[in-house]
């Protein structure tokens, strides 16, 4: 499979496609934590709206809505709260902006693994 601009290699684990080896590795860790009863209800690739679609500078077409796609969301049984997590090999300016918007729009602190 092709590499991304940051060098991530797409992989398949448990019949699921992952955008990077790091994300697949984290998936395996989360599945172990789920089997141990420490977390529950793991979800992948959850889409959050950050800003609606808009028309810019009088253009006829709408610019698409801004969104954030989290790698994982699960319930942390020990902490008693929902956790949104992103598997990142490299933090970028765009990812920092999106995490800032997640906190300001949804009140969610995204955990980086």
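The values are calculated or read from the model by the stated rules, or taken from the named source; none is laboratory data. Note that this is a predicted model, so its numbers are computed, not measured. We place every Cβ from the backbone using ideal geometry, glycine too, and count neighbours over all the protein chains shown.
Determine if segment 96-107 includes at least one residue that is part of a strand (DSSP E or B) and either modelled with pLDDT under 95 or at positive phi (or both).
The answer is no, given that none of the residues of segment 96-107 is part of a strand (DSSP E or B) and either modelled with pLDDT under 95 or at positive phi (or both).
For residues that are on the phi > 0 side of the Ramachandran plot and modelled with pLDDT under 95, tally how many sit in segment 57-89.
Going through segment 57-89 one residue at a time, the tally reaches 2.
Scan segment 68-77 and give yes if some residue there is in a loop (DSSP other than H, G, I, E, B) and touching a strand residue (DSSP E or B) at 6+ places or on another chain (Cβ under 7 Å), otherwise no.
yes
If residue 41 passes every condition in (1) in contact with a helix residue (DSSP H, G or I) (Cβ under 8 Å, 6 or more places away or on another chain); (2) assigned to a strand (DSSP E or B) but one, which one does it miss?
Going through (1) in contact with a helix residue (DSSP H, G or I) (Cβ under 8 Å, 6 or more places away or on another chain); (2) assigned to a strand (DSSP E or B) one by one, residue 41 breaks only (1).
Could you check how many residues of segment 56-97 are closer than 17 Å to residue 34 by Cβ, exposed (fewer than 15 other Cβ atoms within 10 Å of the Cβ) and in contact (Cβ under 8 Å) with a residue 40 or more places away in the chain?
Going through segment 56-97 one residue at a time, the tally reaches 1.
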